[in-house]
Amino acid sequence: MNKHEFEVEIKKIFKNINDNFFSLVDEYKLFLQEYNKKVNLTRLDTEEKIYKDYFYESVIPYKDLDFLKINSVLDIGSGSGIPGVVIKLLYPHIKLTIIESNNKKIAFLKELTKKLNITITLYADRAENIARQHNEQFDLVTSRAVAVLPAILEISIRYVKIGGWLIEPKSQDIHNETNDLQTIVRSFGGILEGINSFVSTNGMTHNVVVIKKEKSTNSIYPRSWIEISKGWK
C-alpha cells in the first residue's frame, strides 16, 4: 500500500477527518523510519509496510465507532504509537493516554509527540500496576497484541467508564481464546457486544472483540501479572 492508496482507503472509511491528518501521518512515517535506524522499534520499516500494516491495519478495527462521542482514549502497550497516536491524528479532540512498559518505546513516543506537536499522557509502567489509580476514567480502552484475550480483558476493563467501550483487535486465529468469553466478560462487569470480522487489503480476516462496560469491575481485578499469567494461559 503506497501513500495514495492509503489516503483513498482511509477517506472511504473515516468521516470528518482532521484536515492535517495525512501530512501528520507522513511526518510520523519519516520520523519512525529515521528513528528506527538508530533504535530497533519495528520491522515494519518500508513505506508499503508502514502505510498498510502499521497505519491502515491499526485503525480499521475502530471504523464503526463514533469518535465525536468519545473524548478519552487509553491505548495499553502502544509500542511505537499504534493505534493510539494514529487515532489522535484522525480525531485531535480526544484526550489520549498511553501505557507502555518499555522505556525505549516511551522515549520514542516523547520525541514523536514533540515532532507532531500533539499532547498525550504517557505512563511508563505495566497497566495492571496502575489500573486502580485510573478507575473508570476512559470512554475507550484498547490494545494490540499485548496478551491472550482473557488476560488483556482483566488488565483493561477497570479503566473503562460505565457505558464505555473496550475494543480488542485480534488475529484470525481467535477461537482458542474465546472459550466461555461471555461469562468471563460478565465477571469483569462488561457485556460482549460481538466479535466483528473484516478482511484486510491482503485478504486476511481479522477479528475485533467489542465489549461495553455495564457495571463497576470487582475490586479483585486486575490481579498481579503473575496471577493473571497463571490463570489465563
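The values are calculated or read from the model by the stated rules, or taken from the named source; none is laboratory data. These figures come from a predicted structure and were not determined experimentally. Cβ placement follows ideal geometry from the backbone for every residue including glycine, while neighbour counts extend to all protein chains displayed. We work out accessible area using only protein heavy atoms, side chains counted, and drop any ligands, DNA or RNA first. Shrake-Rupley method; radii C 1.70, N 1.55, O 1.52, S 1.80 Å.
Some observations on this one:
- Residue match in the range 62-78 (condition: aliphatic (A, V, I, L, M), closer than 27 Å to Ala131 by Cα and open to solvent by 70 Å² or more (accessible area, probe 1.4 Å)): yes
- Considering the conditions (1) β-branched (Val, Ile, Thr); (2) within 20 Å of Ile17 (Cβ to Cβ); (3) assigned to a helix (DSSP H, G or I); (4) touching a strand residue (DSSP E or B) at 6+ places or on another chain (Cβ under 6 Å), Val86 is excluded by exactly one of them, (4).
- Qualifying residues in the range 39-66 (those that are of a type in the set (A, V, I, L, M) and part of a helix (DSSP H, G or I)) - the one nearest to the chain's Cα centre (by Cα): Val59
- Taking every residue in the range 24-50 that is among the hydroxyl-bearing types (Ser, Thr, Tyr) and pairing it with any residue that is not in a helix (DSSP H, G or I), at least 6 positions away or on another chain, the pairs with Cβ-Cβ distances below 6 Å are Thr42/Ser80.
- Taking the numbered list (1) at pLDDT below 95; (2) closer than 21 Å to Gly77 by Cα; (3) assigned to a helix (DSSP H, G or I); (4) aliphatic (A, V, I, L, M) in turn, Ile184 passes all entries but (2).
- Candidates Glu154, Glu168, Glu193, filtered to the one that is surrounded by fewer than 20 Cβ atoms within 10 Å (Cβ to Cβ), modelled with pLDDT of 90 or more and either in a helix (DSSP H, G or I) or acidic (Asp, Glu) (or both): Glu193
- Pairs with Cβ under 8 Å, 6+ apart, first in the range 217-233 and under 14 Å from Ala147 (Cα atoms), second in a loop (DSSP other than H, G, I, E, B) and modelled with pLDDT of 90 or more: Trp225/Arg126; Ile228/Pro222; Gly231/Arg223
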